[in-house]
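The values are calculated or read from the model by the stated rules, or taken from the named source; none is laboratory data. In this text the structure is predicted, and so the values were computed from the model without any measurement. Quick reminder, even Gly has a Cβ in these numbers, built from the backbone with ideal geometry, and neighbours come from all protein chains shown. To get the accessible areas, we keep the full protein, side chains included, count just its heavy atoms, and leave off ligands, DNA and RNA. Shrake-Rupley method; radii C 1.70, N 1.55, O 1.52, S 1.80 Å.
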Amino acid sequence: MRRSETTLFTSREPGKQQSETARRLFRAGLVRQFGSGLYGFTPTGERVRQEVIDHLETEMRRIGARRVHLPQLNYSGIWEESGRWGDFDGEMFTLENRDGKRMCLAPSHEEGIVHLVEGTIRSYEDLPALFFQIGAKHRDDHARSGLLRTKEFTMKDAYSLHTTEESLSEYYKRMREAYIRIFDGLGIEFAIAKAENNVMGGNKSEEFLAVAESGTADLRWCSDDECRYGETDASPNADPAGIECPECGSELESGEGIEIGHIFELGTRYSEPMGLTIDTATGERQDVLMASYGIGVERLIYALVEQHGDDDGCQWSADGSGVVAPYAASIIPLEYDDELAAVADYLYEDCGPERTLLFDDPGQSIGERFAESDLLGIPKKIIIGNEFRESGEVELETRAGETEYVTVDAVPDRI
Ligand SMILES: [Zn+2]
C-alpha cells in the first residue's frame, strides 16, 4: 500500500487501555473500541486478523477438515434440545424476533453442527467426519483488556463425529498436533493444561495457554520447551505447591497464561439429547461420538503482541519477523522526491504493492516513518537514503535493528 492512499489509524497518544499490550494494539491503530468488549478492526488490523485466519485455515485443510458456515443467529429449539438454552454460564445473548420467537447469538456451535448433519449422516460408513468454520461468536463475557475478553470475537471452531472411541481419540490427537504446529508456526510460547469441561460437557478437555505477564488464568508451565506441560488452578491434576514438572521432572515456571485454544472430547453429550444416531455395522442404532476444538483469533493477536511487543510498539515474533505482520516490509525513502522517489516506486512494484508499505507522504519526517513502521511491527525497513546517493545501495534494517547494505536488485529476494 502507499502510505498516502491508506488510512493507518496510528496514534502517538499513550492510550488509556488497561494493559501495555492493549495500549500497543491501539497505538498501532489495529483496533477501535465500540464500547465495552466490542472492537472493530481497521484496514491494518484486518490484514493481521486475516493473516491469522489464513494460517489457521491452511492447517485445518492440511488435516482434512472441511469448511462450513453456520448461522450466528439461532432459534432456541436446538439449544432447548441440548439443554443449554439461556445458560452457557450466563454468557448467552438471547433475543426475540418480530414474531415473538426466541433466538440467540450462538456462543458455540455444537448444536449447530448436529443440526447440519442430521438426516444425512446415518451410517457408520459416513463417519468419521471433520468440519470447521471461522467466524464470529458472541458471549456476554466480562469485558477486559482490549481483545482479551470481548463480547464478539472470531473463532476457528472445528467438530469431529465418530462411531468409535478409537476414532475419536485418533482425531483428537490429530487436532492436538495441528494446534501445536499452528502455535509453533506463529512463534507463540505456550503450554497445554488439562481442564474442566464445564459448559461444554463431555469427558476430557485440554486448554492451550500462551505464556503472558498478564493473562486470563494463573499458569504453571514446564521450563523444557519440548515438554508443553502446563496446569492452571482449574486443572483437575493441579498441584499449586508443585515445583517439578510431573511429566519430565524439569523445573516448573509460574506466571499467567492467555487461553488461546481449547479441545474437548464430548462423547455423546450432544448426540444423545439431540437424537443424532447412526446404524452400526451390526445393524444397531448408536449415538454419534463427538469432539470439538476452538481457537480464538483475537486472543492470538493479543498473545503475540503480549509476548513480543516492546517499547517501540508491536512485534510479531521473537526475532521481529512473524507470519502475521501487517506488511512484510516498509519502503522508507529519506525524502519522497526525485531520484529517491523513483527508486522507492521501483522497489514498491518489484517487492509487491500488496506486501509492502511505501512511505510516500511528503509531510512525514524520516523519524516519523521509522517510528510508524516499528509501531506496526513491520519486520523489515528498506531505507533509501544517503548511502544510495553515494553507492547505489539501499539499507535493509530488521525490526530488531540489524542492518545490511544491498543493491536495489537484490532487495526482493531478501523480503
Ligand atoms: Zn516437563
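Any idea how far the Cα center of the range 305-329 sits from the one of the range 134-203, in Å? For the range 305-329 versus the range 134-203, the Cα centre distance is 24 Å.
Summarising the strand pairing of the chain, around 85 percent of its internal DSSP beta bridges are antiparallel. Taking the Kirkwood radius as Rh and the Cα radius of gyration as Rg, the range 283-349 has a ratio of Rg/Rh equal to 1.39. Over all directions, the projected convex hull of the C-alpha atoms in the range 322-415 averages 5.4 nm² in area. Each peptide in 78-89, 24-35, 379-390 was scored by the mean count of other Cβ atoms within 10 Å over its residues; highest first, the order is 24-35, 379-390, 78-89.
For the chain, relative contact order (Cα pairs under 8 Å, six or more residues apart, normalised by length) works out to 16 percent.
Our estimate of slack between M103 and D87, defined as 0.36 nm per intervening residue step minus the Cα-Cα distance, is 4.5 nm. Between S11 and E335, the modelled label-to-label distance comes to 3.3 nm, taking each label 7 Å out from Cα in the direction of the beta carbon. Looking at the range 112-159, the accessible area is 38 square angstrom per residue; that uses a 1.4 Å probe and ignores ligands, DNA and RNA. Normalised Debye scattering of the range 90-204 at q = 0.12, 0.17, 0.20 Å⁻¹ gives log10 I(q)/I(0) of -0.61, -1.16, -1.41, counting only Cα atoms as equal scatterers and leaving out solvent. Think of it as helices only: each DSSP H run of n ≥ 4 in the chain is worth -39500 (n - 2.57), and spread over all residues that comes to -8500 deg cm²/dmol at 222 nm. Treating each Cα of the range 233-359 as one equal point scatterer and applying the Debye formula with no solvent, the log10 of I(q)/I(0) at q = 0.10, 0.14, 0.15 Å⁻¹ comes out as -0.69, -0.90, -0.95.
Straight-line cross-link partners of K173 among the lysines, defined as a Cα under 23 Å from its Cα and at least 8 positions apart when in the same chain: K156, K194, K204. Length gained on full extension, S223 to Y75, computed as 0.36 nm times the residue gap minus the Cα-Cα distance: 48.6 nm. Assuming 1.567 mPa s and 4 °C, estimate D for the range 1-110 with Stokes-Einstein, Rh taken as the Kirkwood radius over Cα pairs, in µm²/s. The Stokes-Einstein estimate is 74 µm²/s. Restricting the calculation to Cα atoms, every distinct pair contributes to the Kirkwood radius of the range 155-311, found to be 16.7 Å.
Divide the volume of the convex hull around the Cα atoms of the range 1-61 by the residue count and you get 110 Å³ per residue.
Kirkwood-type hydrodynamic radius, the range 270-318: 14.7 Å, calculated from all non-identical alpha-carbon pairs.
Set the Förster radius R0 to 41 Å, insert the Cβ-Cβ distance between Q50 and T164 as r into 1/(1 + (r/R0)^6), and round the FRET efficiency to 0.05. Write down the numbers at each step before the final one.
Values: r = 38 Å, r/R0 = 0.92.
Once the sixth-power term is evaluated, E becomes 0.60.
Counting only protein heavy atoms and a probe of 1.4 Å, the accessible surface of the range 44-184 is 46% carbon and sulfur.
With r defined as the distance between the Cβ atoms of S36 and D126 and R0 fixed at 51 Å, what FRET efficiency is calculated, to the nearest 0.05? Walk me through the intermediate numbers first.
Details: r = 44 Å, r/R0 = 0.87.
In this case the efficiency is close to 0.70.
Seen from a random direction on average, the alpha-carbon convex hull of the chain projects onto 23.5 square nanometres. Shown here are the Rg and Dmax of the Cα trace of the range 193-259, at 11.5, 33 Å. Just report the Cα centroid separation between the range 62-128 and the range 350-415, whole Å. Each part's Cα centre sits 49 Å from the other's.
Taking the Cα centre as origin and putting +1 on Lys and Arg beta-carbons and -1 on Asp and Glu beta-carbons, what dipole magnitude results for the chain, to the nearest 20 debye?
Values: 43 positive and 80 negative charges, 310 e Å.
Here the size comes out at about 1480 debye.
Computed from label points 7 Å out along Cα-Cβ, the spacing between S391 and N197 is 6.5 nm.
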